[in-house]
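The values are calculated or read from the model by the stated rules, or taken from the named source; none is laboratory data. What you see is a predicted model, and the numbers here were worked out from it, not measured in a lab. Backbone-built Cβ (ideal geometry, glycine too); neighbour counts: all protein chains shown.
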Amino acid sequence: MFRLDAGSGVPIYRQLMAQVRQELLLGRLRPGEQLPTVKEVVDALAVNPNTVAKAYRELEHEGLVRSRQGLGTFVAAAPSTTLVAARPALLASLTRWVGRARAEGLSAEQMQALLAVALDEPTVAAEDRTGGGVG
Amino acid sequence: MTAPVLDCAGLGHRYGRRGPWGLRDCTLTVPAGGVVAVVGPNGAGKTTLLHLAAGLLPATEGTMRVAGAAPTQRLEQIGFAPQDAPLWPHLRVRDVLGIGAHLNPRWDAGLADDRIASLGISPRARVSALSGGQRAQVALTLVLAKRPELLLLDEPLANLDPIARRAFLASMFEACIDSGAAVLFSSHVIAELERICDHLVVLAGGRVRLAGEIDQLRRTHRVITGPAGWPTTQPPAALDASSTDGGWQLISVRQAAGRTTALVRVGAHLLAGPGLDAAEPTLDELVLGYLDQRHPDQEPSRQDPRSQLEAPA
């Protein structure tokens, strides 16, 4: 389920957390479902088990998963409805935007770069978050 | 966290009564279950540190404790694999394991045999016929079958290709999950360290330049990119309007392509300034930044310490 981007500069535990959140938002992970065990992730990615455990611990702090002693880590909560279903207007306007960008000849990579700039727009707010340990 | 599995304070070792110091003033802690990378160029003191931890060298000054006692009193809890895994090339794998069983009272023969079998290595194969990756795995098996609480591995990844490296790490980590062992390993390769360790020690010239938990180190450092000439072109005070907590410390500066890139240690507040961009450093940036650092007590270096490091791909 997980993939790592070594060149992204994003700490690995945050990459793992972001991917679980993404799966939840897209409805591919549902409440009660089990996350891969730490050992399974270690086996697949050759990654430090403490890093995987940290990602799961932080997700638990966020209330998204719950670990059951000896059994594993399970999805505790999910958005009441998936993001796609809950935000049809936003998705529609984004789809129109992508259409326009494509018409102007932008690649997917260039669109993502523009989105990253837009996300960074209120710089102070974005920087305040970096100290919190949650990306 | 429970008591540290290894802690040393003011630790130093001198080779001979008047010889060179291999390591000086070394203070660090390895938490139970932690995975600690010791990085630095050749001659930085990595092997000296591991030998001190393994009880193979005495401390000339300071203290080294493993599970609360001198390493020589904790030999059964320590699993040490020296560099290049010297393994009696003419022996068969099962004979190597037999020697391990003979020498170690806590030897777990089932673990050793299962591990060799699951790796697809024939117990009848001669060590000399094994690949580099297989030899590394046999050496790790020798160490793991002692069921140690602390693994000390000297350059375990040095001669492994990327696939063998992945296989080695995955099997080492799985063993650590089962046993809860901590790992202290040295490496001159800094590629992929981020996925391997949770604590970092940067050594250079026999001294600890940086030591700590990686996420903590990243939070307390920034890579600043700014116009050429920074920070001499701007008074540092102007950069940190909120230096109530001690402000910041410049670690190292690189000038390239009309831009300045600096590694800076920061307090609770971030640096800000016109034309400056601050980002959390990657692990590579931390390591290289601290190896660039010039120390007042350091003789002018004739050789760039970075030149001996294998940069990340």
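Condition check ((1) more than 14 Å from chain A (Cβ to nearest Cβ); (2) aliphatic (A, V, I, L, M); (3) free of Cβ contacts under 8 Å to residues at least 60 places away in the same chain; (4) surrounded by fewer than 19 Cβ atoms within 10 Å (Cβ to Cβ)) across all residues:
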| residue | (1), (2), (3), (4) |
| --- | --- |
| B:Ser131 | yes, no, yes, yes |
| B:Arg135 | yes, no, yes, no |
| B:Ala139 | yes, yes, yes, no |
| B:Glu155 | yes, no, no, no |
| B:Leu160 | no, yes, yes, no |
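Quick one: would you say A:Ala6 is of a type in the set (Gly, Ala, Ser), surrounded by 14 or more Cβ atoms within 10 Å (Cβ to Cβ) and part of a helix (DSSP H, G or I)? So A:Ala6 fails the test. When B:Ala70, B:Ala54, B:Ala81, B:Ala59 are checked against the criterion of being touching a Pro at 6+ places or on another chain (Cβ under 7 Å) and at pLDDT 95 or above, B:Ala54 stands alone in meeting it. Under the condition of being surrounded by fewer than 17 Cβ atoms within 10 Å (Cβ to Cβ) and either aliphatic (A, V, I, L, M) or outside any helix (DSSP H, G or I) (or both), the residues counted in region A:12-29 number 5.
Among the residues making up region B:185-199, those that are within 12 Å of chain A (Cβ to nearest Cβ), touching a residue at least 60 places away in the same chain (Cβ under 8 Å) and either assigned to a strand (DSSP E or B) or not hydrophobic (A, V, I, L, M, F, W, C) (or both) are B:Phe185, B:Glu192, B:Glu194, B:Asp198, B:His199. Within region A:51-60, does at least one residue satisfy the condition of being touching a Lys or Arg at 6+ places or on another chain (Cβ under 8 Å) and either small (Gly, Ala, Ser) or within 14 Å of chain B (Cβ to nearest Cβ) (or both)? Yes: one or more hits.
Residue-wise test of (1) in a strand (DSSP E or B); (2) over 14 Å from B:Leu151 (Cβ atoms); (3) within 12 Å of chain A (Cβ to nearest Cβ).
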{"position": "B:Val183", "(1), (2), (3)": "yes, no, yes"}
{"position": "B:Leu203", "(1), (2), (3)": "yes, yes, no"}
{"position": "B:Leu210", "(1), (2), (3)": "yes, yes, no"}
{"position": "B:Arg218", "(1), (2), (3)": "no, yes, yes"}
